[in-house]
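Chemist: One structure, as structure tokens, below. Some questions next.
The values are calculated or read from the model by the stated rules, or taken from the named source; none is laboratory data. Computed from a predicted model, the values in this text were never measured in an experiment. As a convention, Cβ positions derive from the backbone with ideal geometry for all residues, glycine included, and neighbour counts pool all protein chains shown. The area values use the complete protein model at the heavy-atom level, side chains included, leaving out ligands, DNA and RNA. Shrake-Rupley method; radii C 1.70, N 1.55, O 1.52, S 1.80 Å.
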Amino acid sequence: MTDTRPFAVVTGGTNGIGLELARLLLADGHDVLIAGEDDAHGDDARRDLAASTTSEVTLWKGDLGREDQVAALHEAIRATGRPVDILCVNAGFGLGGAFATTDLARELQMIDVNVRGAVQLTKLVLPGMVARRAGRLLFTSSISAAMPDPFEAVYGATKVFLRWFGEALHNELKDSGVTATVLMPSMTDTNFFHRAEMMDTRAGQARKDDPVDVAQAGYDAMMTGRDKVVPLLKNKVMTAIGDHLPDQAAASVHRVLSEPGSGERKTPPARPIGAVAALVGLSALAVARWRRRPHRPVAIEGTPGTAAAKALHVTLVARPGREAAVETLLNEIFAEVEQEHATRPWFGLRRDGATFEIFEAFPDEAGREAHLTGRAAALLMKRSNDLLASPARIGKLDVLLRKSDAASAADIVVALPR
């Protein structure tokens, strides 16, 4: 290896996402050490990588679930005489099935590789980075870390560990010159599901993301020092839903994909997009309903085109010191509706200290009736209500608003006079 190039280490670098990360590092002028299991495809990976670069590619083979082998990898790194500029902690595997019947030995090995080995190697490499005030860490977690994972209970727990381990280090290391980034991929086209004995599940049989795209997202996030990245828009949506859903609702969403035999009940291939859309829509609905409960429902209701259409009057009470944030959020909602529909929504907003009132703001009954008549008005009504009840908005309101309890009035009160 030459000392003029930066030096990177990629565990699990002989296949899948790790192999693509190694390609990106080589293309960016790094010498790379890939660490993988002691099997034939490691040699194939090294030859493949070396054929397309003038940088050095080194292969280390061993069991990263064993303490002595992780120490041996660190000694191999030290023997190069090179400081580690980038460490990609990517090695890991999964195991599907009901926890009551899965193999304990494999699960303990999974914990050793995914968690203990990751911590040990990071502990050995990171002090040198901190001493030099330079370095980058990338931890491959999973979208599974956003929700409980039935039928992948141990695997999911290891990925939750890596997510928060990496994000904690990101915060610890700020101003140190070292960054830590967490990569949270969804189902990716690698050998993962075959090795995890999950090919009979919906997840195992579903269309998967290209590891090239996943690795690129992780690489870009690492090089810009971000705390985490979820590749691809559809996965960002699912992660947001998983983070906001009540735990058991999120677990039910995951179960649909991971339950053994679920692949035999999968939606026909002609309708994959519709199935995903339905899942996302049902999840979002569950989010909105659950998040609203502490405050009572917020909704714009009525029968368009009738004098009996209901009026809206919502009262919100901000937490102490959060009044300005509540006002900003509500104005953002109003502005978003106005921008989409090129008209000011029918909302008015009044503030009295920590209390906010949202109300219908029509100049007269005729104007009100006109707004509530016709398809365009109905769509505007629905969109405005969607904004108020969206997972992102409700999540923010949960933080900003004072909670109600059984002994006091609700913080959000909906008056619906006819």
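Chemist: How much solvent-accessible surface does residue 111 expose, in Å² to the nearest 10, with a 1.4 Å probe and all protein chains in place?
Modeler: 70 Å²
Chemist: Now, a different point. Which percent of the accessible heavy-atom area of the stretch 24-73 goes to carbon and sulfur, probe 1.4 angstrom? Mind dumping the intermediate values first?
Modeler: On the way: 980 of 2300 Å².
On the stretch 24-73, the fraction of accessible area on carbon and sulfur atoms equals 43 percent.
Chemist: Let me ask something additional. If I model a spin label at residue 319 and residue 79 as a point 7 Å from the Cα along the Cα→Cβ vector, what separation in nanometres do I get?
Modeler: Spacing of the two 7 Å Cα→Cβ label points: 5.4 nm.
Chemist: Top to bottom by accessible area (1.4 Å), largest first, where do 187, 198 land?
Modeler: 187, 198
Chemist: Same structure again: Dipole magnitude of the stretch 65-196 about its Cα centre, charges +1 at Lys/Arg Cβ and -1 at Asp/Glu Cβ only, in debye to the nearest 20?
Modeler: Dipole of the stretch 65-196, to the nearest 20 debye: 420 debye.
Chemist: Take the alpha carbon gyration tensor of the stretch 21-91, find the square roots of its eigenvalues, order them as a ≥ b ≥ c, and report rounded if a/c is under 1.5; if not, report prolate when a/b exceeds b/c, else oblate.
Modeler: Here the stretch 21-91 falls in the oblate category.
Chemist: Charges on Cβ only, +1 for Lys and Arg, -1 for Asp and Glu, centred on the Cα centroid of the stretch 38-159; of 95, 53, 105, which one is farthest towards the dipole's positive end?
Modeler: Sorting the options by dipole projection puts first 53.
Chemist: Still on this structure: How would the stretch 156-213 be classified by its alpha-carbon gyration tensor: rounded, prolate or oblate, with rounded meaning a/c under 1.5 and the a/b versus b/c comparison settling the rest?
Modeler: Verdict is prolate for the stretch 156-213.
Chemist: For the stretch 74-166, what % of the accessible area comes from carbon and sulfur atoms, probe 1.4 Å?
Modeler: Of all accessible area on the stretch 74-166, carbon and sulfur atoms account for 64 percent.
Chemist: My understanding is that a pair violates if its Cα-Cα distance is over 26 Å; which of 61/236; 61/208; 61/228; 61/123; 174/208; 123/236 do that in this structure?
Modeler: Long pairs (Cα-Cα over 26 Å): 61/236; 61/208; 61/228; 174/208; 123/236.
Chemist: Quick one: length gained pulling residue 72 to residue 189 fully straight, 0.36 nm per residue minus the C-alpha distance?
Modeler: Fully extending the segment from residue 72 to residue 189 adds 39.1 nm.
Chemist: Taking only protein heavy atoms and a 1.4 Å probe, what accessible area per residue, in Å², does the stretch 87-167 have with all protein chains in place?
Modeler: Per-residue value: 37 Å².
Chemist: In percent, what relative contact order does the stretch 9-65 have, based on Cα pairs under 8 Å that are 6 or more apart in sequence?
Modeler: 37 percent
Chemist: Run the numbers on the stretch 172-218 and let me know its relative contact order in percent, using alpha-carbon pairs under 8 Å that are six or more apart.
Modeler: Details: 24 pairs, mean separation 18.7, N = 47.
Across the stretch 172-218, relative contact order equals 40 percent.
Chemist: Placing +1 at every Lys and Arg Cβ and -1 at every Asp and Glu Cβ, with all other atoms neutral, what dipole size does the stretch 56-129 have around its Cα centre, in debye to the nearest 20?
Modeler: 120 debye
Chemist: Given axes a ≥ b ≥ c from the Cα gyration tensor, I'd like to know whether the stretch 1-145 is rounded (a/c under 1.5), prolate (a/b larger than b/c) or oblate. Present the calculation step by step, with values, prior to reporting the outcome.
Modeler: Numbers: a/c = 1.95, a/b = 1.51, b/c = 1.29.
Prolate is the answer for the stretch 1-145, as a/c is 1.5 or above and a/b outweighs b/c.
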